[in-house]
Amino acid sequence: MDIVEMAKGAYEASFEIADLITRNKNDLLLKLADELLAFKEEIFAANNEDVLAAKENNLPKALVDRLKFNDSRFLEMVDGVKKVAALPDLVGEIYEGRTVESTLTLYKKRVPLGVVGVIYEARPNVTVDIASLCLKSGNACVLRGGKEALKTNLVLVRILHKVLKECQIDPRAVTFIDSPDRELIKTMLSLDSYIDVIIPRGGEALHRMCVRFATMPVIVGGFGVSHIFVDKTANLIKAVNIIINSKVQKPSACNALDTLLLHEDIAVPLIDMLLPELEKYQIEIYAHGDIFTLCKAKEYPYLHRGDPTLFDTEWLSLALNIAAVEDVKDAVAHLRRHKAHHSDSILTDSCKNAEIFCNGAGSACVYVNASTRFTDGGQFGMGAEVAISTQKLHVRGPMGLKDLTTYKYICKGDYLCRK
């Protein structure tokens, strides 16, 4: 496999994609949605093979869960393509115009990034999500999916190429690296002549490798320990519902709850209300300090004594840290110590404490009285997402169409020379 030639091909195709008019891009995406539905049985058959292989190889349950298509996830992916087609096309937007003292007229014009390289792991829907957003935003993409989902991804990419060819668009606009050789990733990270940005979607080790070896900009995201702090003013009945939703609605998601922090004044009543609900889902509790004593007294069956190192754990499973803190400032201090970059929430009826938490939390997405599970491109009205950025430059949170564009200055004069 000549990955250099593949990246070069994507680069060449990117100029054609950048020039597509909105109607053609939308027609392409709507046709893609129809073709995905038409090939549903074949996609599911390939996915079942990937899932069976993952189980035979004893891969973690969280990874198997992310890998598996079911009807709702499949339809969500197809619906996401349709929603991307329905979104306004931002490419070509003119904004921030002005005329300066020299009489030069300046304005910004929104343009695609060029070629977007994405390295991701088990979720096969990511292939379609990224391709859809890149095509709508005028970008080509080079995709390297995880070997766990290879058979599913090959079917999806074949459908994408079929649609591109039928729409008379260069299929190299969606380039897929189908080799599991990890050395190819390092080569990919060196191809800044063809790939404009790298977006890793995976664990912390993948992000660190990309930051270390990439010769082009890297947008880091997807990893982070998610917290909920329950303030002493919170409605405890409603708080229990949000905690359960954040933990169990999709445990393998990057925005699922990892650490629950309780104000020490309400720890006893909340634990009384919460444990029966957690037990229904067989949640493994890693209880810290006095919370362990409270849970043990209730004879909670899935209880472990928490170790401080576990506060840095992104569980991606039915496991949860629980600890008590003195107040909202103590909760914010805990977040700062323990990788709170992603999605964190405060449950409170105090506007003052909500403001302290929102100002102090360094997370990409901070919630007040809402589940952390809302950090998602679809939930944010973006149709889909390329990734969830947790860095501080260019973009934060779910990355949608606008985040796959940049701008150029258009400068006009009347045969103007600088004095």
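Along segment 153-162 the Karplus relation, 6.51 cos²θ - 1.76 cosθ + 1.60 evaluated at θ = phi - 60°, assigns HN-Hα couplings of 5, 4, 5, 4, 5, 4, 5, 4, 5, 4 Hz to successive residues, with x for each Gly and Pro. Scalar couplings 3J(HN,Hα) for segment 398-409, obtained by applying the Karplus form with A = 6.51, B = -1.76, C = 1.60 to θ = phi - 60°, are x, 9, x, 4, 4, 6, 9, 10, 10, 9, 10, 7 Hz; x denotes Gly and Pro. Across segment 166-258, counting alpha-carbon atoms alone, Rg and Dmax equal 19.8, 61 Å.
Where both bridge residues fall in the chain, DSSP classifies roughly 30% of the beta bridges as antiparallel.
Lysine pair count for segment 25-105 with Cα-Cα distance under 26 Å and sequence separation of 8 or more or different chains is 15. Just the protein heavy atoms count here, and of the accessible area of the chain at 1.4 Å, carbon and sulfur take up 51 percent. Taking Cβ atoms as reference points and 14 Å as the exclusive limit, the residues near Leu63 contribute a net charge of +2, counting Lys and Arg as +1 and Asp and Glu as -1.
Between helix 204-213 and the chain there is an angle of about 40 degrees, using the helix long axis and the longest principal axis of the Cα atoms.
Accessible surface for segment 52-173, divided over its residues, is 43 Å² per residue with a 1.4 Å probe. Using a Gaussian network for the chain with springs between C-alpha atoms less than 10 Å apart, which of these wobbles most: Ala53, Ala287, Ala253? With Cα springs under 10 Å in the chain, the top fluctuation among Ala53, Ala287, Ala253 is at Ala53. By the Cβ rule of 4.7 Å, the chain holds the following cysteines without a possible disulfide partner: Cys167, Cys210, Cys254, Cys295, Cys351, Cys358, Cys365, Cys411, Cys417.
Across Gly381, Gly145, Gly80, mean-square fluctuation computed from a Gaussian network of the chain (C-alpha pairs under 10 Å connected) peaks at Gly381.
What would the Debye formula give as log10 I(q)/I(0) at q = 0.06 Å⁻¹ for the alpha-carbon point model of the chain, no solvent? Summing over Cα pairs of the chain leads to -0.28. Here segment 72-134 yields Rg over Rh of 1.21, to two decimals, using C-alpha coordinates and the Kirkwood radius.
Relative protection proxy for 103-110, 193-200, from highest mean packing down: 193-200, 103-110 (other beta-carbon atoms within 10 angstrom).
Dipole orientation for segment 1-107: of the candidates Thr22, Gly92, Val78, Val78 has the Cα lying most toward the positive pole (charges on Cβ; Lys, Arg +1; Asp, Glu -1). Using the Cβ-Cβ distance between Glu284 and Thr187 with R0 = 51 Å, the FRET efficiency computed as 1/(1 + (r/R0)^6) comes to roughly 0.80. Entry comment: accessible area of segment 255-348 is 44 Å² per residue, from protein heavy atoms only and a probe of 1.4 Å. Packing order of peptides 21-27, 326-332, 341-347, highest average first: 341-347, 326-332, 21-27 (average count of other Cβ atoms within 10 Å over each peptide's residues). Take 409-417, 54-62 and order them by the average number of nearby Cβ atoms within 10 Å per residue, most first; the result is 54-62, 409-417. The separation of segment 335-390 from segment 70-129, counted between C-alpha centres, amounts to 23 Å.
The values are calculated or read from the model by the stated rules, or taken from the named source; none is laboratory data. Just so we're clear, the structure is a prediction, and the values are computed from it rather than from any experiment. Note that each Cβ is placed from the backbone with ideal geometry, even for glycine, and that neighbours are counted across all protein chains shown. Heads up: the accessible areas ignore ligands, DNA and RNA and are worked out on the full protein's heavy atoms, side chains in. Shrake-Rupley method; radii C 1.70, N 1.55, O 1.52, S 1.80 Å.
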